[in-house]
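We did not get these values from a lab; they are worked out from the coordinates using the rules stated. Keep in mind that what you see is a predicted model, and the values were worked out from it rather than measured. Because the Cβ atoms are built from the backbone with ideal geometry, glycine has one as well, and the counts that use them run over all protein chains shown.
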């Protein structure tokens, strides 16, 4: 059945529904510009949530720890690069404005600083980025300090966490360093209230691989976690 043609009058049309398009719409609306954002909202569901500035320069193999100094180099080596054409103060303002909007909507982010943060990518590698969701900020420092971690993935995408643990293990992560806890939010909240997880003598196999895993269960619950 043909859809009825609809007409919109707007001052600005933002094409794209990812983080960049989302930010552009926020900047425009904050300046009282009538805005229409066009795109598939599924793009937001697959974003890492990281807000990058400059993590690597083309001329070097090393990752960038100071993105502001790297911007100065970029302006010299690639003056026509989009970032080279934006004043540094405007970039600071853009990050501050967008993260402030996210915080007002209940999505807290780390404060944009003078140096990049080290973040975990979905495939288990490390990358440099300027801002991360506050709930994710403690992950890399915890790994670097040698702290054991229990990862609670979404109940809708449990296999992703299993695969991430597989990648980290194959990359040399010590056994017992990471546990993956599966279950609903209510189950996890109950476990947090109890304050402990109890090791189970049961051994099962993760559905994503053939290696046996040591499973743990929360006391009094049907939620399961696995570790190496």
> If you stretched the chain out fully between residue 73 and residue 97, how much longer would it get, using 0.36 nm times the residue separation minus the C-alpha to C-alpha distance?
Replying inline: 6.1 nm
>> Compute the distance from the alpha-carbon center of region 112-169 to that of region 4-33, in whole Å.
In response: 31 Å
> Using the beta-carbon distance between residue 90 and residue 190 and R0 = 41 Å, what value does 1/(1 + (r/R0)^6) give for FRET efficiency, to the nearest 0.05?
Replying inline: 0.30
